[in-house]
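Notes follow the structure.
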Amino acid sequence: MTDYTMASIYKDNYENDNDNKNNKVLISSHIKVADTFFKRLKGLLGTKDLPSGKGLLIIPCKQVHTFFMRYNLDLIFLDEYNTIVHMIEDIPPFRISPYIKESEKVLELKAGTIKQYNLMEGEKLVIY
């Protein structure tokens, strides 16, 4: 079995609160980091579902497919500074995402996460 590095993903939550710019909203606390060829190759294949709070961060990555997946995903494409450069909501199995030239990594999350956290292109995510 392949061992994965784990990470947590946060959204900076400014929302007009200039007194508390360090306030962050936890999006996911159990992110597997796929940063080798074999980890990227396996991805989420073989999983039956993706619970809330879990996901996969693929590094490097500019395009993904959902062949042989059993469930829909939200995809968040990030640049080298973890700024959201593109998003795809609720992508079904057996699809190929567009090639996103600016992307350095892709975050795969449970479908509905983008809407749940009101994520938008241009926002920066914090990865620990």
Taking the options M6, M87, M1, name whichever one is part of a strand (DSSP E or B) and either at pLDDT 95 or above or farther than 20 Å from T113 by Cα (or both).
-> M87
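Hey, could you check segment 31-81 for residues that are among the polar types (S, T, N, Q) and open to solvent by 80 Å² or more (accessible area, probe 1.4 Å) and say which is nearest to S8 (Cα to Cα)?
Step one: list which residues in segment 31-81 are among the polar types (S, T, N, Q), which gives 36, 47, 52, 63, 66, 72.
Then drop every residue that is not open to solvent by 80 Å² or more (accessible area, probe 1.4 Å), which leaves 52, 63.
Values: S52: 13, Q63: 22 Å.
Out of the qualifying residues, it is S52.
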Residue tally, condition modelled with pLDDT of 95 or more and assigned to a loop (DSSP other than H, G, I, E, B), over segment 53-65 | 6
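If you take the residues of segment 100-120 that are of a type in the set (D, E, K, R) and part of a loop (DSSP other than H, G, I, E, B), which of them is least open to solvent (accessible area, probe 1.4 Å)? Before you say what the answer is, go through the steps one by one.
Restricting attention to segment 100-120, the residues satisfying the condition of being of a type in the set (D, E, K, R) are 101-102, 104-105, 108, 110, 115.
Of the ones still in play, those that are also part of a loop (DSSP other than H, G, I, E, B) are 101-102, 104.
Numbers: K101: 151, E102: 107, E104: 77 Å².
Step by step, filter segment 100-120, then rank; the result is E104.
With K54, K32, K24, K105 as the choices, which residue is among the basic types (K, R), within 16 Å of A7 (Cα to Cα) and touching a residue at least 60 places away in the same chain (Cβ under 8 Å)?
Result: K24 is the single residue among K54, K32, K24, K105 that is among the basic types (K, R), within 16 Å of A7 (Cα to Cα) and touching a residue at least 60 places away in the same chain (Cβ under 8 Å).
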Filtered residues of segment 90-99 (kept if part of a loop (DSSP other than H, G, I, E, B) and surrounded by 17 or more Cβ atoms within 10 Å (Cβ to Cβ)) | S97
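The values are calculated or read from the model by the stated rules, or taken from the named source; none is laboratory data. Please read these numbers as outputs of a predicted model, since none were measured by experiment. Virtual Cβ from ideal backbone geometry, glycine too; neighbours counted across all protein chains shown. When the accessible area is computed, the model is the full protein with side chains, heavy atoms only, and any ligands, DNA or RNA have been set aside. Shrake-Rupley method; radii C 1.70, N 1.55, O 1.52, S 1.80 Å.
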